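Colleague: Dropping a structure here in structure tokens format, bear with me for questions.
No value in this document is a laboratory result; all are computed from the given coordinates. Just so we're clear, the structure is a prediction, and the values are computed from it rather than from any experiment. Cβ sites come from the backbone with ideal geometry, for glycine too, and all protein chains shown count toward neighbours.
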Amino acid sequence: MQYLSMKKMWFLAYLIYIATISFVVGVEYQVSLFSKIQEVDEKIEIAIKNIKYVLPRDYHDKKVSPKEYREVTHLLTRLSQENGFKYFYTMVLKKGKDLYETSSSELSQQDSPRYYSLYKNPEPELIRLLMDKNAKKAFFDLAYEGKQMQRVGCVREVSLRGKPFLACADYDMKTVRQKLRISSIRRLVYYFLLLLCVYPFIWAYKESSKERQKQLEHDVRCRTAELGFALKSAERANETKSNFLASMSHELRTPLNAIIGFSEAMKEEAFGPIENKIYKEYAAHISTSGTHLLSLINDILDLSKLEANQEKIRAEWIDINDLIKECLSIVEGYPTALEKKLVFSKEEMPKIYVDPRMIKQVLLNLLSNSIKFTKEKKGIIRVFVYISKNEELCFGVEDNGIGIPKDKLDHIFEPFAQVENVMTKQHQGTGLGLSLVKQIVRYHKGDIKIESVLDKGTKISIFLPKEVFIGSKKAKTQEK
């Protein structure tokens, strides 16, 4: 089918080419003919002026003898032959409607020429030219048997006594038209020969195009098969990862919780005193390390679920101010937050329809980062919330900490991304906090914006769509 469509396309191209060259040659013929007619008109006008020098000035004012008429006829015949014209003649108007030829080179071939021969079927333009004193000349085509064979030109002249007459000349256009047609036919033949010469190259191009098309189709099929195989491999890998994380969730969390619980019991000496203090310190280290490892596992699992779109939003109506206060009360107990000032720019806000657990995790991650990377003395961490000009919910955290270099801002939300400098190396961290924040915001169809200046501080703003104020119809129905 595709091959047939290509054949039709090339056939259509040939037809367009033939139609185009035919049109161009036709236009060239008409332009050349028009130009040639103008040249003939100029030639006729110049030749007609010589007629009045051949005729006596009083020729149309008196009765001419046959001898004088024959002499004038011979002179006009010679003049027409010398200038390449068919006929030279003069005409006068009688009775206001009839035209008579008073002299003509055409009559030189007759045995008994007649003076004042009637001009049959005269053109209206000729009568108007004789009757109108302001008229000067006229040009028109004279047709024989429906074909325009002659070009006629007439100039209005006046005799010695003021009698108007027409000095006319006929130019044979048959030869001119034939030459132009021959020239046009040559052009058409030239263009067709050019097409025949070019056709082998076109045919070769068509064949090469077919080969290239076949090769491209083969490449596309191969590439499609490779992509299909890669997609299946990715799906299998994703399924393997999900199964691995599901098993790890159970296999790691269960013993970790036991380790953390036993180390806490040993640290608190729940079953009796520990005489050696070193063992008690070891128990504290075991508890801290186990808690950190459990937090890391939880972050990895949460991020994997969000990336795989396996996490479900359990939205409900909450007060954002109460949620911020709850998060602040949690982080105020962190040892690293004791010497830092936590500020909340509270505003009256309507209730919002979000997943409280996810939004709480966003706030805790942002606050933890700010506390971690803000200097202990003169460190200020500000939490803000407001409604933007676009009626979006905006909340976030701003600090005067170490800041983030410009070249790191584009990668800061990638998993395990960290700011590599001396300050960050002094603190533990997996680099998953901001990545989790971004995925949670994406789940809520929101946006995140970060502004940071090195050694001056960082501001992270979360924008949630105005739908969080409206909620879904389902939620409202459930509340009712």
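Colleague: Relative to the present Cα-Cα distance, how much length would full extension add between residue 36 and residue 270 at 0.36 nm per residue of separation? All intermediate terms of the calculation are to be shown ahead of the outcome.
Modeller: Numbers: separation 234, 0.36 × 234 = 84.24 nm, distance 12.33 nm.
Working it through step by step, the gained length comes to 71.9 nm.
Colleague: Per residue, how big is the convex hull around the C-alpha atoms of the chain? Give it to me in cubic angstrom, could you? Can you show the working numbers first?
Modeller: On the way: hull volume 193.4 nm³, N = 480.
Expressed per residue, the convex hull around the Cα atoms of the chain is 403 Å³.
Colleague: What length, rounded to one decimal in nm, is gained on full extension from residue 338 through to residue 203, with 0.36 nm per residue of separation minus their alpha-carbon distance? Mind dumping the intermediate values first?
Modeller: Working: separation 135, 0.36 × 135 = 48.60 nm, distance 8.48 nm.
Full extension of this stretch gives 40.1 nm more.
Colleague: Please give the contour-minus-distance gain from residue 294 to residue 389: 0.36 nm per residue of separation, less the Cα-Cα distance, rounded to one decimal in nm. Don't jump to the answer; show the numbers that get you there.
Modeller: Numbers: separation 95, 0.36 × 95 = 34.20 nm, distance 4.11 nm.
Length gained between residue 294 and residue 389: 30.1 nm.
Colleague: For the chain, which cysteines have no disulfide-compatible partner, meaning no other cysteine Cβ under 4.7 Å?
Modeller: Result for the chain is 197, 222, 327, 394, no neighbouring Cys Cβ within the cutoff.
Colleague: Quickly estimate the mean residue ellipticity at 222 nm for the chain, helices only: each DSSP H run with n ≥ 4 gives -39500 (n - 2.57), and the total goes over all residues, rounded to 500. Let's see the in-between values first.
Modeller: On the way: 13 runs with 261 residues, N = 480.
Using -39500 (n - 2.57) per qualifying helix, the result is -18500 deg cm²/dmol.
Colleague: List the trypsin sites (Lys or Arg not before Pro) within segment 18-73 that DSSP assigns to loop and that have no more than 10 neighbouring Cβ atoms inside 10 Å. Could the numbers behind the result be given before it?
Modeller: Working: sites: 36, 43, 49, 52, 57, 62, 63, 67, 70; in loops: 49, 57, 62, 63.
Here the sparse-neighbourhood loop sites are 63.
Colleague: Right, next: Rounding to the nearest 10 and keeping the result within 0 to 90°, find how far the Cα-based axis of helix 433-443 lies from the longest principal axis of the chain.
Modeller: 60 degrees
Colleague: Test of understanding: ordering 224, 374, 291, 102 by Cβ neighbours within 10 Å, fewest first, what list do you get? List each step's numbers first, then the result.
Modeller: On the way: 224 10, 374 24, 291 15, 102 20.
Fewest to most other Cβ atoms nearby, the residues stand as 224, 291, 102, 374.
Colleague: Here's something else I'd like to know. Report the label-to-label distance for residue 313 and residue 238 in nanometres (one decimal), using points 7 Å from each Cα along the Cα→Cβ vector.
Modeller: Going by the 7 Å Cα→Cβ label model, 2.0 nm.
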